[in-house]
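**Q** Structure incoming, see below.
The values are calculated or read from the model by the stated rules, or taken from the named source; none is laboratory data. All of these numbers come straight from a predicted model, not from anything done at the bench. With ideal geometry, Cβ positions are generated from the backbone for all residues, glycine too; neighbour counts draw on all protein chains shown. SASA here: full protein model, heavy atoms, side chains in, ligands and nucleic acids out. Shrake-Rupley method; radii C 1.70, N 1.55, O 1.52, S 1.80 Å.
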Amino acid sequence: ERAHGPQLLPDGRTLIYTLSSRGESWDARIVARPLDGGEARTLVRGGSDARYVSTGHLIYARGASLIAIPFNLSRLETTGDPVTLLDDLARSLGDNTGAAQFSLSGDGMLAYVSASSSGLNLSARFVWADRTGRETPISVLPSVYLAPTISPDGTRVAYHTAQGASIDIWTYEFRRGIIERVTTEPGSESDAVWSPDGRRIAYRAEGPEGGPGIFMKNSDGTGSAERLTSGRHVPSSWSHDGTRLAYVANG
């Protein structure tokens, strides 16, 4: 598990922070833990980067939304329904925390970075680059394109992208400009690796039933995903005959 975003509550005895298996992911939860070593208590599931404000609320992030929920400081528990404050919150996609780009003053004044106006999460674009460094843009709208890898025949690129709290694998066909979604399963899928014939993609999955592992699926998105391994594994490359897959095992 990974912990991040700690804040000491006004009682001086309790810490709140985000806890999850891979930073900001499907299973992130906000917990409170006494500094004297007492048991941690889950306050919110599916949220991250919580801040307590003097209005008696916890403010936290879920995807691109910033949410407020009433919070009883003495009992360390939420006391009402969550309310969405905004749906345009920039997130940090380049680290292991998925940190939310907002801050709060002691009296509840909010400062935040807008995802739509900042370009922080939406500015990546595909280009071809030759060996001299000359770049030729590819006609696709700027967005969040992570870990691109070109198909063996050079006609498509696979990548993963975050949309709110969901991370999925997509492909883009250069000639026709067609974007297709490969993975639709719950959780997050990333680090796509093409099979030598280009018909399949192996990828890392976090959050599916049965725990994390490497899965394989048809590169056009059809059919069901097939589990290949169980564990915190990241696929690296296929053998030339397509019979073996090299991967990294974390932890």
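**Q** Return only the number of the condition from (1) surrounded by fewer than 16 Cβ atoms within 10 Å (Cβ to Cβ); (2) of a type in the set (Ser, Thr, Tyr); (3) under 19 Å from the mean Cα position of the chain (by Cα); (4) modelled with pLDDT of 90 or more that Ser21 does not satisfy.
**A** In the conditions (1) surrounded by fewer than 16 Cβ atoms within 10 Å (Cβ to Cβ); (2) of a type in the set (Ser, Thr, Tyr); (3) under 19 Å from the mean Cα position of the chain (by Cα); (4) modelled with pLDDT of 90 or more, Ser21 misses (4) alone.
**Q** Hey, another quick one. For the range 144-154: of the residues being assigned to a loop (DSSP other than H, G, I, E, B) and open to solvent by less than 60 Å² (accessible area, probe 1.4 Å), which is modelled with the lowest pLDDT?
**A** Our first condition is that a residue be assigned to a loop (DSSP other than H, G, I, E, B); within the range 144-154, this holds for 144-145, 151-154.
Right, trim to open to solvent by less than 60 Å² (accessible area, probe 1.4 Å) and you get 144-145, 151, 154.
Numbers: Val144: 72, Tyr145: 79, Ser151: 96, Gly154: 93.
Going through the qualifying residues, I end up with Val144.
**Q** Does Arg125 satisfy the condition of being in contact with a Phe, Trp or Tyr (Cβ under 9 Å, 6 or more places away or on another chain), among the basic types (Lys, Arg) and modelled with pLDDT under 90? Talk me through it step by step, then tell me what you get.
**A** Working: in contact with a Phe, Trp or Tyr (Cβ under 9 Å, 6 or more places away or on another chain): yes; among the basic types (Lys, Arg): yes; modelled with pLDDT under 90: yes.
Judged against the criteria, Arg125 is a match.
**Q** Right, here's the next one. Given the structure, is Gly119 on the phi > 0 side of the Ramachandran plot and at pLDDT below 80? Walk me through how you get there before you give the answer.
**A** On the way: on the phi > 0 side of the Ramachandran plot: yes; at pLDDT below 80: yes.
When the stated conditions are applied, Gly119 passes them.
**Q** Within the range 233-246, take every residue that is in contact (Cβ under 8 Å) with a residue 40 or more places away in the chain and of a type outside the set (Gly, Ala, Ser) and give me the one that is farthest from Arg199 (Cα to Cα).
**A** If we take residues in the range 233-246 being in contact (Cβ under 8 Å) with a residue 40 or more places away in the chain and of a type outside the set (Gly, Ala, Ser), then Val234 is farthest from Arg199 (Cα to Cα).
**Q** Any residue in the range 54-80 that's farther than 18 Å from Gln101 by Cα and open to solvent by less than 40 Å² (accessible area, probe 1.4 Å): show its pairings with residues that are in a strand (DSSP E or B) and of a type in the set (Val, Ile, Thr) at Cβ separation under 6 Å, as long as the two are six or more apart or on different chains.
**A** If the second residue must be in a strand (DSSP E or B) and of a type in the set (Val, Ile, Thr), the pairs left are Ile69/Thr78; Phe71/Thr78.
**Q** Any idea which residue in the range 182-219 is modelled with the lowest pLDDT, counting only those that are more than 13 Å from Arg156 (Cβ to Cβ) and β-branched (Val, Ile, Thr)?
**A** So, considering only residues that are more than 13 Å from Arg156 (Cβ to Cβ) and β-branched (Val, Ile, Thr), the one modelled with the lowest pLDDT is Thr184.
**Q** Additional query: Residue by residue through the range 168-199, note down the ones that are touching a strand residue (DSSP E or B) at 6+ places or on another chain (Cβ under 7 Å), open to solvent by 10 Å² or more (accessible area, probe 1.4 Å) and free of Cβ contacts under 8 Å to residues at least 24 places away in the same chain.
**A** Trp170, Glu173, Arg199
**Q** Please identify the pairs in which a residue from the range 31-50 that is of a type in the set (Lys, Arg) has its Cβ atom under 9 Å from the Cβ atom of a residue that is at pLDDT below 90 and surrounded by 19 or more Cβ atoms within 10 Å (Cβ to Cβ), counting only partners at least 6 apart or on another chain.
**A** That search, which allows pairs on different chains as well, returns Arg45/Ala28.
**Q** Take the conditions out of contact with any Asp or Glu (no Cβ under 6 Å at 6 or more places or on another chain) and either at positive phi or not charged (D, E, K, R) (or both) and apply them to Pro152. Does it pass? Steps first, answer last, please.
**A** On the way: out of contact with any Asp or Glu (no Cβ under 6 Å at 6 or more places or on another chain): yes; either at positive phi or not charged (D, E, K, R) (or both): yes.
Judged against the criteria, Pro152 is a match.
**Q** Does the range 214-231 contain any residue that is in contact with a Ser or Thr (Cβ under 8 Å, 6 or more places away or on another chain), free of Cβ contacts under 8 Å to residues at least 40 places away in the same chain and either polar (S, T, N, Q) or in a loop (DSSP other than H, G, I, E, B) (or both)?
**A** no
**Q** Looking at this structure, is Ala225 more than 18 Å from the chain's Cα centre (by Cα), of a type in the set (A, V, I, L, M, F, W, C), over 23 Å from Ser139 (Cα atoms) and at pLDDT below 95? Break it down into steps so the answer makes sense when it comes.
**A** Working: more than 18 Å from the chain's Cα centre (by Cα): yes; of a type in the set (A, V, I, L, M, F, W, C): yes; over 23 Å from Ser139 (Cα atoms): yes; at pLDDT below 95: yes.
Yes; evaluated as a whole, the condition is true for this residue.
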